[in-house]
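Just below is one structure, and these are the notes that go with it.
The values are calculated or read from the model by the stated rules, or taken from the named source; none is laboratory data. Computed from a predicted model, the values in this text were never measured in an experiment. Quick reminder, even Gly has a Cβ in these numbers, built from the backbone with ideal geometry, and neighbours come from all protein chains shown. With ligands, DNA and RNA removed, areas are computed over all heavy atoms of the protein, side chains included. Shrake-Rupley method; radii C 1.70, N 1.55, O 1.52, S 1.80 Å.
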Amino acid sequence: MIPLRLAQELTYQLEEAHEDERLARALASIPIFLVLCKGVDRWDMLHDWQRLSKRGIEPEAYYRISLESLPDDSSLIPDALVRLNDFFETRGAYVLSEELLNTLLAWAIEREDLTRELEAHRGLGILDTRSGNFDSALLHLQHSASLAESLGDQLSLSMAYGNMGVIYKHQGRNTEAMEYQSRNHAIAEPIGHKRGVASAKGNMGLIHFTQGRYADAMIGHRHQLAIAESLGDKQLIAGATGNIGLVHMDLGEYADAMSCYERMLALNESLGNTRGVMLAVGSMGIVHIHQGRYAQSMEHFERQFSLSQKLGDRSGMVVSTGNIGFVLTELGKYHEAVVSFNSAIAMSHEFGFRFGLVTWHEGIARALILLAEKGRLHSKEDTDEDCKAILIEARQNAEECLRLSEELGNHESIFKSKVLLARITAEEGNSNIAIEQFENMLKVATESKHITELHFWQWKVNGNDLNRQEALAGYLSLAKHVHLFEYQQRIAELKGQRIPKSADDL
């Protein structure tokens, strides 16, 4: 086995000698040889990848050659597949990850290796979750849980339950999500799996967060942070800190949110975790956009894209591209926003990021509705045909958003899609039909924020003072507990006051 020190010395000598071909082969094979001794972790491998990429070398081919060169009966194969999948998944190369995991699954089934089969199903379940393929993800994770039970593997069973809980949360099935995170916690705590307990507490916090129970969410995230700090796990600390920042941001506590994301950023920078840095930078950009600070948000999203591009992390690239679309929408650059959203959609299709497709189609529909409301196209008066074409495209995107939301079970996006469709109907000149659509949604709405929003849009269509009063009372009540900047804008509009453009105007 090659000692890590000698391996590093060899690669640096090759680099200095500009022996690019030999350097690539060395870097591709060294992780395989060091798999079992765990001499290289994912961040070392990412560093190697960046070294190759900077020299204009495509590393993927060399890693494949290294893997394929191992004998079929080599005991290194499953570990190499797992480690390389971990690496590819970290940088957002989902297609390669899926290929590696399916290879591992076939290898395990052929040899009746239930442990490796469990591992492959778990990996595929996590990968499908990140891609938004929730039905497939659940099947893989259920298989993983079944194998864990048969093997008496409590740790893997805990992980399977936790991952299934994450899917149920994404689908809006919060009761089942909480049940499975509770199962995760109930197994992890007695076996002393502190990271599992931290994960369960953090995920419970996220479920509370999606339901607007911010105090309960904060309790879960602070518990997660306390465990992470007791373990001295900087990566886990960064994740928990980011979750706390998410609650502060939704409450409109922007200074506290930014403080959390700055700590998250510093921790990831100290780890050399470029992907963590990317996520922190993106979150900081979202704080700025919530405050109407569009220049700062654009700066952060562009940096997020640049970091993602360096990593080859397509998930980061697509999210930052979509986020730039939202900034452009707020700046009134609707055509540019649509271009950005369409680029995000194309990338999402490329690697199966279905969950993101919902957001980008929603973004296009909203941008086009705003364009139609302004009644201008490239700063010129629109013809009726121009507006009609704009609204046809808006409707197509809103309908696609609704279709995907229903398919994924994303209840919040289902609501947003239906609101967008009713607004489009109003813009098309069918105000009575739009009002009826809002009324039908009001009959089944249960959340106060949804009821308030529906009264707001009814007022925007019909000018009815009763709807205005209901919307104003609703937003004033919501603003007492959740200090969202958007609520302040709506309150000002309903009062007939100047609408603030940023938090600085309040």
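So if I check each of 297, 348, which one is at pLDDT 90 or above and hydroxyl-bearing (Ser, Thr, Tyr)?
Working: 348 fails: at pLDDT 90 or above.
Answer to the selection: 297.
Being open to solvent by less than 20 Å² (accessible area, probe 1.4 Å) and modelled with pLDDT under 95 is the requirement here; does residue 292 meet it? Explain how you work it out, then say what you get.
Numbers: open to solvent by less than 20 Å² (accessible area, probe 1.4 Å): yes; modelled with pLDDT under 95: yes.
Yes, satisfied.
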Selected residue (criterion: surrounded by the fewest Cβ atoms within 10 Å (Cβ to Cβ)) from residues of the stretch 166-183 that are more than 21 Å from the chain's Cα centre (by Cα) and of a type outside the set (D, E, K, R): 175
Residues of the stretch 271-299 satisfying the condition of being in contact with a Leu (Cβ under 9 Å, 6 or more places away or on another chain) and not in a helix (DSSP H, G or I): 272, 273
Find the residue count for the stretch 208-241, including only residues that are at pLDDT 95 or above, touching a Lys or Arg at 6+ places or on another chain (Cβ under 9 Å) and either outside any helix (DSSP H, G or I) or closer than 21 Å to residue 412 by Cβ (or both). 2
Do you know which residues across the stretch 451-468 are within 29 Å of residue 213 (Cα to Cα) and buried (at least 18 other Cβ atoms within 10 Å of the Cβ)? 452, 453, 454, 455, 456, 457, 458, 459, 467, 468
Contacts under 9 angstrom Cβ, first residue in the stretch 252-273 being open to solvent by 30 Å² or more (accessible area, probe 1.4 Å), partner not in a helix (DSSP H, G or I), 6 or more apart: 253/483
In the list 203, 268, which residue meets the criterion of being farther than 23 Å from residue 179 by Cβ, within 18 Å of the chain's Cα centre (by Cα), polar (S, T, N, Q) and assigned to a helix (DSSP H, G or I)? 268
Options 413, 431, 502: the member that is surrounded by fewer than 18 Cβ atoms within 10 Å (Cβ to Cβ), hydroxyl-bearing (Ser, Thr, Tyr) and closer than 27 Å to residue 401 by Cα: 431
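Quick one: in the stretch 295-312, which of the residues that are among the hydrophobic types (A, V, I, L, M, F, W, C) and open to solvent by less than 30 Å² (accessible area, probe 1.4 Å) is nearest to the chain's Cα centre (by Cα)?
Applying the first criterion (among the hydrophobic types (A, V, I, L, M, F, W, C)) to the stretch 295-312 yields 295, 298, 301, 305, 307, 311.
With the extra rule that they be open to solvent by less than 30 Å² (accessible area, probe 1.4 Å), the set shrinks to 301, 307, 311.
Details: 301: 14, 307: 16, 311: 17 Å.
Within the stretch 295-312, the match that is nearest to the chain's Cα centre (by Cα) is 301.
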Applying the selection to the stretch 438-450, what residues are part of a helix (DSSP H, G or I) and either open to solvent by less than 30 Å² (accessible area, probe 1.4 Å) or of a type in the set (S, T, N, Q) (or both)? 438, 440, 441, 448, 450
Consider residue 336 carefully, then state whether it is more than 20 Å from residue 257 (Cβ to Cβ), surrounded by fewer than 20 Cβ atoms within 10 Å (Cβ to Cβ), among the charged types (D, E, K, R) and out of contact with any strand residue (DSSP E or B) (no Cβ under 9 Å at 6 or more places or on another chain). yes
Return yes or no: is residue 359 within 28 Å of residue 445 (Cβ to Cβ), among the hydroxyl-bearing types (Ser, Thr, Tyr), crowded, with 16+ Cβ neighbours inside 10 Å and more than 25 Å from the chain's Cα centre (by Cα)? no
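Of 137, 120, 186, which residue is buried (at least 19 other Cβ atoms within 10 Å of the Cβ), modelled with pLDDT of 95 or more, assigned to a helix (DSSP H, G or I) and of a type in the set (A, V, I, L, M, F, W, C)? So that I can check it myself, show each step before the final result.
On the way: 137 fails: modelled with pLDDT of 95 or more; 186 fails: buried (at least 19 other Cβ atoms within 10 Å of the Cβ).
The conditions single out 120.
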What's the number of the condition residue 200 fails, among (1) loosely packed, with under 15 Cβ neighbours inside 10 Å; (2) within 21 Å of residue 276 (Cα to Cα)? (1)
Please specify each residue of the stretch 209-242 satisfying the condition of being within 18 Å of residue 484 (Cα to Cα) and out of contact with any Gly (no Cβ under 6 Å at 6 or more places or on another chain). 209, 210, 211, 212, 213, 214, 215, 218
Residues of the stretch 452-506 classified as without any contact (Cβ under 8 Å) to a residue 40 or more places away in the chain, charged (D, E, K, R) and not in a helix (DSSP H, G or I), total: 2
